[in-house]
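Everything below concerns the one structure shown next.
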Amino acid sequence: MQTKKKEKKTKFEEICCRKNSQLLMALLLPVVIIGGYFCPRLGFIVVGLITIFMILASKRGRFYCGWLCPMGSFHERFLSKVSFNKPILPVFKSSWFRWLLFTLMMSLMVFRLYMTWGDPEAVAGVFRMMWILSMSIAIGLGFYFKPRIWCTVCPMGSFQGVSSIGVYMLTVEDTCVQCKKCQKVCPISTYPGGYRQDEGPGYVPSIECLRCSNCVINCPKKALHF
Ligand code: SF4
Ligand code: SF4
């Protein structure tokens, strides 16, 4: 009885903690996008965030995506209220699409950075511009499909995914009964049950998991762990 109570408390604490951190981080969007119009150097906040996720990726995989990313937070906490929530199209789960987008976005960023000739305000402006571009695409997609659809192909998320292979992985035990509840609660529709040891590697590929814990908390068989 007491173990159940303790489990419920931990569940509650984890949900609240992630929600609060996301609400706080989402505030950075207007700071950079609107504030950056008046003070261009606010674009350097994005550089700070890139540094944070690169450090975190080596210890916790895509934890930044699941708990701290201002864009992901906005989509999950606000865009979700108005989204049609349609299923994510298979193309968004394909490698070729992910890496094509990665190449295009990174090429654009490098080209724009090169064109700044090292002017600090212009450099900060490039990072702000990348956020505006990503947000515009992400909101357009997330309004019709699942609100966090962008996170399935986000270049920064993909980078974290490949740089954290084997780090803080979501493992799937054989006790999984493939009820698919995990997929229903996953913000990017990943299906951990499909990676069950007897059918797959026994863990979810790093790039496919935001380490948000939604599935771990909701799995009725307690088959998922980090
Ligand atoms: S919710 Fe748990 S039992 Fe159900 S498919 Fe997912 S991992 Fe398996
Ligand atoms: S697989 Fe689980 S931990 Fe990973 S993103 Fe989906 S719900 Fe979150």
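The values are calculated or read from the model by the stated rules, or taken from the named source; none is laboratory data. From a predicted model like this one, the values you see are computed outputs, not experimental measurements. Here Cβ is always computed from backbone atoms with ideal geometry, including for glycine, and neighbour counts include all displayed protein chains.
The table below gives the values:
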| quantity | calculated |
| --- | --- |
| Counted residues, the stretch 171-199 - those being surrounded by fewer than 18 Cβ atoms within 10 Å (Cβ to Cβ), within 13 Å of ligand 2 (Cβ to nearest atom) and without any contact (Cβ under 8 Å) to a residue 40 or more places away in the chain | 7 |
| Among (1) surrounded by fewer than 12 Cβ atoms within 10 Å (Cβ to Cβ); (2) within 17 Å of the chain's Cα centre (by Cα) - the single one Lys93 does not satisfy | (1) |
| Unique match (being more than 20 Å from the chain's Cα centre (by Cα), closer than 26 Å to Arg77 by Cβ and not assigned by TED's automatic domain parsing to the domain that holds Ile55) among Pro220, Pro192, Pro201 | Pro220 |
| Flag if Tyr114 is within 15 Å of Ser80 (Cα to Cα) and surrounded by fewer than 17 Cβ atoms within 10 Å (Cβ to Cβ) | no |
| Residue under evaluation Ser163, criteria (1) in the same structural domain as Phe102 (by TED's automatic domain parsing); (2) more than 20 Å from Pro90 (Cα to Cα), criterion not met | (1) |
| Condition broken by Ser107, with the remaining ones in (1) without any contact (Cβ under 8 Å) to a residue 40 or more places away in the chain; (2) over 23 Å from His75 (Cβ atoms); (3) within 14 Å of ligand 2 (Cβ to nearest atom) satisfied | (3) |
| Criterion violated by Phe159 - all others in (1) outside any loop (DSSP other than H, G, I, E, B); (2) within 16 Å of ligand 2 (Cβ to nearest atom) satisfied | (2) |
